[in-house]
1. For the subset of the stretch 193-227 comprising residues that are in a loop (DSSP other than H, G, I, E, B) and modelled with pLDDT of 90 or more, which member is surrounded by the fewest Cβ atoms within 10 Å (Cβ to Cβ)?
2. Looking at 349, 374, 335 in this structure, which one is closer than 30 Å to residue 172 by Cα, touching a helix residue (DSSP H, G or I) at 6+ places or on another chain (Cβ under 7 Å) and assigned to a helix (DSSP H, G or I)?
3. When the residues of the stretch 155-170 are filtered to those that are under 23 Å from the mean Cα position of the chain (by Cα) and in a loop (DSSP other than H, G, I, E, B), which remaining residue is nearest to residue 321 (Cα to Cα)?
4. Can you tell me how many residues in the stretch 89-146 are over 18 Å from the mean Cα position of the chain (by Cα) and in a strand (DSSP E or B)?
5. When the residues of the stretch 316-345 are narrowed to those that are small (Gly, Ala, Ser) and either crowded, with 18+ Cβ neighbours inside 10 Å or not assigned by TED's automatic domain parsing to the domain that holds residue 367 (or both), which ends up farthest from the chain's Cα centre (by Cα)?
6. Considering only residues that are in contact with a His (Cβ under 9 Å, 6 or more places away or on another chain) and either without any contact (Cβ under 8 Å) to a residue 60 or more places away in the chain or not β-branched (Val, Ile, Thr) (or both), which ones fall in the stretch 129-166?
7. Hey, among the residues in the stretch 13-33 that are assigned to a loop (DSSP other than H, G, I, E, B) and in contact with a helix residue (DSSP H, G or I) (Cβ under 9 Å, 6 or more places away or on another chain), which one's nearest to residue 153 (Cα to Cα)?
8. If you go through the stretch 118-125 one residue at a time, do you hit one that is modelled with pLDDT under 90 and basic (Lys, Arg)?
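The values are calculated or read from the model by the stated rules, or taken from the named source; none is laboratory data. Note that the structure is predicted; figures quoted are calculated from it, not measured. Glycine gets a Cβ as well: all are built from the backbone with ideal geometry, and neighbour counts include every protein chain shown.
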Amino acid sequence: MIVAGEASGDALAAELVTALRDHPKVREQPWPIEFFGAGGPRLAASGVTLHCDLTQHSVVGLTEVVRKIRDFKRLFDEILQIAFNRLPDLIVLVDFSGFNRRLAAAMRRRQRARKGEFFNWNPKLVYFVSPQVWASRAGRARTLERDLDLLLSIFPFEKAWYARETPKLRVEFIGHPLLDRYRGDFGNRSKTEKHPSPSPTDTPSTRHGVLLPGSRPAELRRHLPAMLDAVRILQSKAPLNWHMVLPSEGLLELASKMAANSGLPIVCSSGDLAKTLTGAQLAIASTGTVTLELAYFRVPSIAIYKTSWTTFQIGRRIIQVPFLAMPNLLAEKSIFPELIQDHATGESIAMAALPIILQEDRRRRIREALDAVIASLGEPGACGRGANAILSLFEDGKAPD
């Protein structure tokens, strides 16, 4: 059973499913593994039978969750019941921490309550992508230690953190799947292949910038007005061709309308992120998982985030890390300027972006710092290593029957 609830988690889940199916220990068995659960279009395309598309319900922030609490409660109860109807040997929860942490706890609680002579179901429970408990509310790691058989980590510092906080929880750092996802687009990062830096004689027609406003409608509505204001300012000082990439067709429709209303010549598209990022001068992006993809493609970026007033006030009191963008966290310094909440205005974004566009040496230093960040993520083959770790949970190393 696989449960993923965001666009990024949906992609990770699909890649892990493929790795499990292709694993030699699985392929040699006379029976196939059956996958079912909840996720999004990529998980469905990988052959997983889905109860629902959870990516359609993805939100961030307290007020946003409260508005949809009935939907989440209904989906939560349905998915929990499906697990107890189907009794899978393996349950993999992918990211979507607010939902999946509670789902893991509810599964274990109900399983333990029913355990007895006529109910001995004891599935292996795996969490893929650590919830960011190291950033806030570290005590939640103890519930993971109680409920999980295995946590698959994609960031190098997490294993040591969990070893200190929850030594009984098995954590495996497997590397980051994006190193495999984009190998065909940009080669192996362990080699010396580089993007050519634009020369001072480049014209706007040969240079481009990228807008990445987020993966949820609320993020688009909060981020895109400031991004468009920044582009308007920059076009009078350091013009670029601007492209905006969205993760789904539904978001593309919304973003295209907002871009058209701005009167700016912005090309909007969906599903061609790698092609668009290649050779970009600059990106203005939400602080989400896409910032690591920007690091991979060595794109100097401005990271922004805006949320509701209530969510921001709560977040500023509980978040215990100095940065929100993952490349900055991994580097332990500010590579991408971060503009959060009221600081994320069109003027402030443009002021941060202008020297990056105009100064080639600054872009070079940023790209060198990004190379070190990507090197810290390990080698390609993350989902293969994840499949190895999952199958090792079964004593004979074979697929569950």
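1. By that ranking, first place goes to 214.
2. The match here is 374.
3. 157
4. 6
5. Only one residue tops the list, namely 344.
6. 155
7. 23
8. Among the residues of the stretch 118-125, not one is modelled with pLDDT under 90 and basic (Lys, Arg), which makes the answer no.
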